[in-house]
Amino acid sequence: MTGPFDLSGKVALVTGANTGIGQGIAVALAGAGADIAAVSRGAPDDTARAVAAAGRAFLHVAADLTTMAPIAGIVERTLARFGRIDILVNNAGTIRRADALDFSEEDWDAVMGVNLKSAFFLSQAVAKTMLLSGGKIINIASMLSFQGGIRVASYTASKSGLAGITKLLANEWAAKGINVNAIAPGYFATNNTEALRNDETRSRDILARIPAGRWGKPSDLGGAAVFLASAASDYVHGAVIPVDGGWLAR
Ligand code: NAP
């Protein structure tokens with residue numbers, strides 16, 4: 001592959017790359033030529049196989065991003081193996097569902113820790129390594145970066161916050177050669193949405209609102225991820241790009 005979307009010689013650090021959306025993005029970046037450092041708690045065997053099949057190198061960094069404790073080690077291990085980080089995808093995320101009247105502090109902190117605090121501080125740690133040669137940071141936002149949702153107070157707060165942080169970091173780092181943008185997936189068939197898909201009424205209502213007429217698949221995000229990771233997006237800063245089958249247009 002050559003041209004503005006080519007990622008040959010680039011190294012991408014992708015959090016939550018063992019499954020779902022993170023896996024789809026890691027495989028797409030490898031397909032465009034990037035080597036992959038994958039952060040997750042669970043084993044990323046399927047992702048490792050797919051990256052190897054694309055002919056790219058793969059490193060697994062086991063880490064729990066509920067706290068900031070592993071952040072320095074993630075960066076050190078990736079640099080020790082690959083010598084550089086060109087692309088960071090802050091994808092790891094979790095969700096807790098409860099009515100706002102009953103929402104617990106534990107469910108608030110668990111979600112905000114992974115989805116927002118770790119994403120910010122991992123971006124900070126990686127950006128320090130990108131200052132000489134530039135880089136690309138892609139945050140995985142949500143429809144709830146634009147809308148309120150129901151029964152997911154900490155998730156909505158975290159994803160709305162992540163959209164804001166995307167713009168703040170773009171403002172501070174664009175002139176330093178670092179592009180910070182976000183992808184806002186619509187409704188995708190992954191572990192994250194299993195409860196919704198198992199709820200007949202919610203599942204039917206959601207599907208009825210998606211103009212494309214189907215739930216998203218992780219591979220549907222590959223094009224946007226490669227675009228934001230590549231030279232094709234060099235003048236794109238602070239954008240939150242919906243990949244939602246038309247959900248927000250309705
Ligand atoms: P998923 O299959 O549940 O994947 C979540 C990923 O995050 C897993 O790789 C998981 O790794 C990782 N993760 C969760 N908690 C972690 C922690 N404490 N430390 C390290 N890694 C952790 O769901 P998904 O849909 O692919 O979600 C990926 C991202 O997309 C999330 O940020 C989610 O909010 C966002 N998103 C999803 C949708 C959707 O419709 N599915 C829509 C909009 C945005 P382990 O398996 O190792 O825990």
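The values are calculated or read from the model by the stated rules, or taken from the named source; none is laboratory data. All of these numbers come straight from a predicted model, not from anything done at the bench. In this analysis, Cβ positions are derived from the backbone assuming ideal geometry, glycine residues included, and neighbour counts consider all displayed protein chains.
Quick check on my filter: what residues within segment 200-220 are out of contact with any Lys or Arg (no Cβ under 7 Å at 6 or more places or on another chain) and within 28 Å of A119 (Cβ to Cβ)?
R202, I206, I210, A212, W215, G216, K217, P218, S219, D220
Inside segment 195-231, can you point out the residues that are out of contact with any helix residue (DSSP H, G or I) (no Cβ under 8 Å at 6 or more places or on another chain), aliphatic (A, V, I, L, M) and in contact (Cβ under 8 Å) with a residue 40 or more places away in the chain?
Hits for segment 195-231 are A195, A224, L228, A231.
Among (1) without any contact (Cβ under 8 Å) to a residue 24 or more places away in the chain; (2) more than 15 Å from I71 (Cβ to Cβ); (3) within 20 Å of the chain's Cα centre (by Cα); (4) surrounded by fewer than 18 Cβ atoms within 10 Å (Cβ to Cβ), which single condition is A157 missing?
Condition (1) is where A157 drops out.
Going by the conditions given, is K136 away from the ligand (no atom under 11 Å from the Cβ), modelled with pLDDT of 95 or more, surrounded by 22 or more Cβ atoms within 10 Å (Cβ to Cβ) and within 16 Å of Y235 (Cα to Cα)?
Against the criterion (away from the ligand (no atom under 11 Å from the Cβ), modelled with pLDDT of 95 or more, surrounded by 22 or more Cβ atoms within 10 Å (Cβ to Cβ) and within 16 Å of Y235 (Cα to Cα)), K136 qualifies.
For L88, which of the numbered conditions (1) part of a helix (DSSP H, G or I); (2) away from the ligand (no atom under 13 Å from the Cβ); (3) of a type outside the set (G, A, S) fails to hold?
All conditions are met except number (1).
Which residues, counting only those in segment 10-37, are part of a loop (DSSP other than H, G, I, E, B), in contact (Cβ under 8 Å) with a residue 60 or more places away in the chain and not basic (K, R)?
Those that are part of a loop (DSSP other than H, G, I, E, B), in contact (Cβ under 8 Å) with a residue 60 or more places away in the chain and not basic (K, R): G16, A17, T19, A32, A34.
How about segment 17-63: which of its residues are within 13 Å of the ligand (Cβ to nearest atom), under 24 Å from P185 (Cα atoms) and of a type in the set (V, I, T)?
T19, I21, I25, V27, V39, T47
Just to check your reading of the model, which residue among G186, G246, G222 is farther than 29 Å from I85 by Cα and modelled with pLDDT of 95 or more?
Result: G246 is the single residue among G186, G246, G222 that is farther than 29 Å from I85 by Cα and modelled with pLDDT of 95 or more.
Of the residues I87, I95, which is among the β-branched types (V, I, T) and either at pLDDT below 95 or over 21 Å from N191 (Cα atoms) (or both)?
After ruling out the rest, the residue left standing is I87.
For segment 161-195, which residues satisfy the criterion of being within 18 Å of V243 (Cβ to Cβ) and in a helix (DSSP H, G or I)?
Matches in segment 161-195: L162, A163, T166, N192, T193.
Considering L7, L59, which residue is at pLDDT 95 or above, in a loop (DSSP other than H, G, I, E, B) and either in contact with a Lys or Arg (Cβ under 6 Å, 6 or more places away or on another chain) or under 15 Å from I137 (Cβ atoms) (or both)?
Testing whether each residue is at pLDDT 95 or above, in a loop (DSSP other than H, G, I, E, B) and either in contact with a Lys or Arg (Cβ under 6 Å, 6 or more places away or on another chain) or under 15 Å from I137 (Cβ atoms) (or both) leaves just L7.
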